[in-house]
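First comes the structure, then the notes that go with it.
The values are calculated or read from the model by the stated rules, or taken from the named source; none is laboratory data. Just so you know, these numbers come straight off a predicted model, no measurement behind them. Cβ: placed from backbone, ideal geometry, glycine included. Neighbour counts: every protein chain shown. When the accessible area is computed, the model is the full protein with side chains, heavy atoms only, and any ligands, DNA or RNA have been set aside. Shrake-Rupley method; radii C 1.70, N 1.55, O 1.52, S 1.80 Å.
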Amino acid sequence: MQIKASSEESKKQTFFWLSDPSPLIRPGGGGKKKIRPMANENLQVLSALDAAKTQWYHFTAIVVAGMGFFTDAYDLFCISLVTKLLGRIYYHVDGSLTPGSLPPHISASVNGVAFCGTLSGQLFFGWLGDRLGRKKVYGMTLLLMVICSIGSGMSFGHKSSSVIATLCFFRFWLGFGIGGDYPLSATIMSEYANKKTRGAFIAAVFAMQGFGILAGGMVAIIISAVFKSRFPAPAYSVDPAGSTVPEADYVWRIILMVGALPAALTYYWRMKMPETARYTALVAQNAKQAASDMSKVLQVEIQAEEAKIERFAADKNHTFGLFSKHFLRRHGLHLLGTTTSWFLLDIAFYSQNLFQKDIFSAIGWIPKGFTMNALEEVFKIARAQTLIALCGTVPGYWFTVALIDVIGRFGIQLLGFFMMTVFMLGLAIPYSHWTTPGNHIGFIVMYAFTFFFANFGPNSTTFIVPAEIFPARLRSTCHGISAAAGKLGAIIGSFGFLYLAQNPNPKLADHGYPAGIGVRNSLFLLAGCNVIGFLCTFLVPESKGRSLEEISGEADEEGEQV
C-alpha cells in the first residue's frame, strides 16, 4: 500500500512549515520523489527522516520548540533579578543600616519553588508524552506557562506573607509546565531530525535558553531604567524609606509577566505540528498515519508498511518496560550516566547562575546595597548578569550547535566538565587576588569562561543525549527522569548555595543567615562536582551519526529490525 495525495489535497493538508519548501525535496520542479526501501529492513518512513536533507520544516520545528525554551529560561532565571527588590519592598526594617532582604527561608522558597515544580513536571509530562503522544501533551505545558507567568506578577494582597505565598504558588505551577517542555521538546526534535545533523538541531532548541536568559536581563534593564528616570529616589544611606518608591512594586511584576508573551505567541504553531512518525509508527503502531504525516511533511511518497510494524510489535525484545530486567541490562548504565552527569552539572550551573548577584557583590563589582536606591540596584544586577550571558552563556550554546556533530557528544561533555573544573579552581585558589580592587575584571572574565564551557559542554549534551539513546516508547520518560535528576541538583545548588556562600565570620554574613564556608570554599565544592561529572560521562555512549533505532537497540539483531 502506498500513500498518495492528489495535488489539490496536498495543498489543503500541507503543514505550516512547508510554506517555503526546499527545492532539494522537489526534484524536477514538481511531483513527489519516491523513496526506495533501504538495503536493511528499516521502516521506509524512518529511513526517509534519517536521510532527509536539511530543509524548511527542520528550521520551523527548531523555532517552535526553541521558543518554549526561550520562555523556560526567561521564567526560571528572571526571579534572581528581582529578589533583592522584593526584600526592599516587603521586608524593610526601620532603623536598619542595610536595605531589607528576604529572610533565608523565604529566599530559598522563592528561588527554589519553581525548580520543585519543574522536577515534578519533568517526571509527569515525560511519562505522559510516552503514554498519550508528544503532540497531545505539548500544548498543555505551554498553556500552563502562560497562565502562571501572568499569575506570578499578579500575586494577591498587600502583606508580605500573602504576596510571597501566591508568588510561590504560581511559580511552582509555572515550573511544572516548564518541566514538561524538557522531555517533550528534546524528544520531538530528535524524532524529526536526520541522523547527520540531529545533534545540532536538538542543541539549537536548547540554545534558545541562552537568549531567554539574555532577554530576562535586557527586560529588567529597560524597565528599571524607565522607572528610575520617571521616579527618581535617593540612596538608602540618605533616605532609607524614600529609596524604594511605591512604583517599584510594579517593576518586579512586569518583569515576571513579560515571560508569558513568547509562550503565548508560540501556542498556535505547536498545535499545528503533527505527531512524530517514530511515536506514531513504533509506539501507537499506526503505520498508515505515520506514512501519511511524513509524506506531507517531506513531500515524498512513503509506503505504509503495516506488516513490518506488526512483526515489530510482536517481538518481546521491543516490549520490555522501564522496570524490567531487560531494560536494566540494556540501558541501566546509560540511565545512570545521564542522570548523574545532569545532576552534578546542575548543582554547579544553577548555583552560579541564580546567585551571580551575590558573587558580584562579594567581589565588589556591584556596589553595596545601602549606596543605591531600589531601582538602581535592579538595574546594576541585571546589567551584570546580562554581560555574563552575552559574553559567556550565549556563545557557549552556539559553539555546541556548530561542533556537536563534528566532535561528538562524548568529547564535548568531557571537555566541558574538565574546563569548568579548571576555571573554578582558577577562581577559588587565588580568590583573595580576585577580590582585591583593580582585579575584578579578571574575575569576571574567568567566571564567564566557566559559563562558556558549561554551555559548550555538559549543559547542552546532558539535554541532547537522553533524547537519543533510549527506545521510542520510553524516550520521553527516560529524558524526564534524567532532567528531573538535573533539577534535583539545581534545587541543592539554589538552596544550599544560599547558606554555603555566606561569609565564615558571622558578623559579615547576610542578615538572617548563619555563617557559611564562603564563596571561595563553595567554588572548591562546585569544582569537585565537575570532577565527578567528568567520570560519570564514561557511562554514556556516543550517539553521533547513528539512527535512533540503532542507538537504542530497536534495530539490533535480537529482534525484527525497524
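Two decimals is fine: what is log10 I(q)/I(0) at q = 0.21 Å⁻¹ for region 337-477, from a Debye sum with one equal scatterer on every Cα and no solvent? Ignoring solvent entirely, the Cα scatterers give -1.25. From the residues Ala389, Thr537, Leu86, which one has its Cα farthest along the dipole of the chain in the positive direction, the dipole being from +1 and -1 charges on Cβ of Lys/Arg and Asp/Glu about the Cα centre? Result: Ala389, furthest along the dipole toward the positive end. Subtracting the Cα-Cα distance of Ala241 and Ser161 from 0.36 nm times their residue separation leaves 26.8 nm of extension gain. In this simple spin-label model, placing a label point 7 Å from the Cα along the Cα-to-Cβ direction at both Leu97 and Ala515 gives a separation of 1.9 nm. When you work out D = kT/(6 pi eta Rh) for region 507-556 at 4 °C and 1.567 mPa s, using the Kirkwood radius from C-alpha pairs as Rh and the Stokes-Einstein form, the result is 87 µm²/s. You can think of it this way: the chain between Glu306 and Thr371 has 16.2 nm of extra reach, that is 0.36 nm per residue less the Cα-Cα gap.
Angle between the Cα long axis of helix 198-230 and the longest principal axis of the chain, 0 to 90 degrees, nearest 10? For helix 198-230, the angle is close to 30 degrees. With the convex hull constructed from alpha-carbon coordinates only, the chain shows a mean projected area of 26.0 nm² over all directions.
Average 1/r across all pairs of distinct alpha carbons in region 449-494, invert it, and you get the Kirkwood radius: 11.5 Å. Charge tally around Ala467: other residues with Cβ under 12 Å, Lys/Arg +1 each, Asp/Glu -1 each, net +3.
Here the calculated FRET efficiency for Val422 and Ala51, from their Cβ-Cβ distance with R0 = 35 Å, stands at 0.30, rounded to the nearest 0.05.
Relative protection proxy for 228-234, 115-121, from highest mean packing down: 115-121, 228-234 (other beta-carbon atoms within 10 angstrom).
Taken about its Cα centre, the chain carries a charge dipole of about 500 debye when Lys and Arg each add +1 at the Cβ and Asp and Glu each add -1 at the Cβ. Placing unit charges on the Cβ atoms only, positive for Lys and Arg and negative for Asp and Glu, gives region 147-269 a dipole magnitude near 280 debye about its Cα centre. In whole percent, and with a 1.4 Å probe on the protein chains, what portion of the accessible area of region 41-88 is carbon and sulfur? C and S atoms contribute 70 percent here.
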